[in-house]
Structure formats: C-alpha cells, structure tokens
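For reference, the structure discussed in these notes is given below.
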Amino acid sequence: MKVYSLSGKSGTGKSYRALDLCEEYKIDAIIDDGLLIFNGRIIAGKSAKRQATRVTAIKTALIKDDAHKEEIVHILKTNDINSVLIIGTSEKMVDLIIERLELPPPEIKIDIESITSSEEREIAYLHRKDLGEHIIPAPTMEIKKVFSGYFIHPIRRFREFYPESRWGGKKAITERSVVRPTYSYLGRYIISDKTIIDIINIVAAGISELDSVTDTYIKIKPDGVIIEIGIIVRYGYQITGAAGELQKKVADKVDEMTALNLIAVDVEIEGLMWDSNVRNN
C-alpha cells in the first residue's frame, strides 16, 4: 500500500486541502482525526471531534484504542484500498499513526505550508479560533450519521477533472463538511425535543386533511433520531395520502432546520374526525 502524509499545525486547512491532494496523487482513502474515509464515505473509525475533551480527542486521533485500531486495520486489508493519505498536526504524529496501523513509511510527505499561502492559513486559523469550526473531508449526508445533533454544514466546490479521474469524471462535487466539536469553547448546540415537536405541529397545521397530532415521541439513538407521530385524520379524506404527506414534510423540515440525522419518521393513524365541510361520496 502506498502511504502519503499531510502535516501542519492545527487549524491551518489540512482537512480542507485533503481532497485536492487525493485528486492530484490519485489517493484512494484518507485517515483524518480517527476516521477512515474512502470514496466519500466514512467506512471505519471514530472521530476525535466527537470526544468530550481535548485529551480524549488526541487519543482518538492517534488511534490509541485497540478496538479502534483493529477495525481500521481490518478495513484497510479487506477493501480495495491501494493508497492512503494520513493527516496529522506534525510529522511525528503521522509517524505514530502509521506505526500504530502497521503501515509502511510514507512515499511522499507534504507540509501544509508547501501547498498553501500564509493568507489561506490565516483564514483557516481564524475560522478555527473565532468560530470553533473544523473541516471533515466527507459529504454532510455521510457525516450526519456520526455527528447527529452537532453544528454542521456543507462546503461544496464544483471542479473540472479529466475523464480518467476516479473522483468524479469530467465534473465532480468535492464536498467538505464543517462541524463544531464538543470540546470547542463554543460547545455543542442542542436541539430539544420541544423544538422538534414544534416543527411537527407547524407542518401538520399546514395539511388540510389532518385534524390533529395526538402524540409525538422522539427516540434518540447514537447515530440519529426516530420520530413517531400519532394523528387524527378528517373523515372523507384519503388517509394514507395525509399520513404520507406529513411524513415527507416532517422529514424535509427536520433535515432543513436541524443538524440531526433522521433515521425514520413513523406515522400512526389513531382515528378519524368528522368534517362537516367534506361530503361522503
């Protein structure tokens, strides 16, 4: 396996530049802050950015946990991964990760200062220092499974590539995602159950076939949430149509207004209510 390394101080734009390097050197996968990213998917590992303290974040980035290490090593050996980019805050950190994962020494070592300007690094640092923002080189839809409930938004760039490019053909979207870790001084933002229930009630009020929402249950899972809704439908309307419309609109609005990974929206029809404005044909 070919190994490449990218090192530089924290907050200098390494994760943002990672996809560009993968395109330039035709690198298959990235190991960044404890995650193994392959073809735009997180396929193994756990993120340092999900840890509660900086100390545990550093240990996760160095893949100190044996189960964490074994998972990544197994995936590297059993998937069609011929090259990997290891990202670290120093060459020493990169070497420690490589040794931990039993990989060969890097064929090419890249310092972030050799591929960015001082102005670019300063902008990256200000985003880290002032906004607590961290980049993950994977699409937002992918990392929502790992970062459900965190501050999160995508950065997309359209670029023209040669047809033989394995990262997208003639044109590709290279999407990075911004997260704000728990250990950031700005902290984690929390979406309360009441906020989700308010969103559901507002959506339901705009569906004429519905009489009322009777019950709402929010089930929090490690990788997201499941929403269960009980409804009363007005007599004379198509029952399944009303339930399906609520299901879709709630899913769309929760996705739009929160950073939660929505696993499922289950709607249960609990009864019918007579509507004098509807004639039973």
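A short reminder: the numbers here are calculations on the coordinates, not readings from a lab. Because the structure is a prediction, the values reported are computed rather than measured. Neighbour counts are summed over all protein chains in view; Cβ atoms, including those assigned to glycine, are modelled from backbone coordinates with ideal geometry.
Here are a few things to note about the model shown:
- Residues of segment 1-39 with amide N under 13 Å of a point placed 7 Å along Cα→Cβ from Lys109: 4-8
- In this structure, the pairs whose alpha-carbon distance is over 31 Å, taken from Lys26/Lys219; Lys14/Lys194; Lys2/Lys49; Lys26/Lys221; Lys92/Lys219, are Lys26/Lys219; Lys14/Lys194; Lys26/Lys221; Lys92/Lys219.
- Simple Cβ-charge dipole of segment 193-273, Lys/Arg +1 and Asp/Glu -1, about Cα centre, in debye nearest 20: 80
- Surrounding net charge for Gln238, when Lys and Arg each add one and Asp and Glu each subtract one, Cβ distance under 10 Å: -2
- Counting only residues at least eight positions apart within a chain, or on another chain, the lysines with an alpha carbon under 16 Å from that of Lys69 are Lys46, Lys59, Lys77.
- With R₀ fixed at 51 Å, the C-beta to C-beta distance from Lys9 to Asp266 puts the FRET efficiency at about 0.60.
- Net length gained if the chain between Asp198 and Tyr237 were fully extended (0.36 nm per residue, minus Cα distance): 11.6 nm
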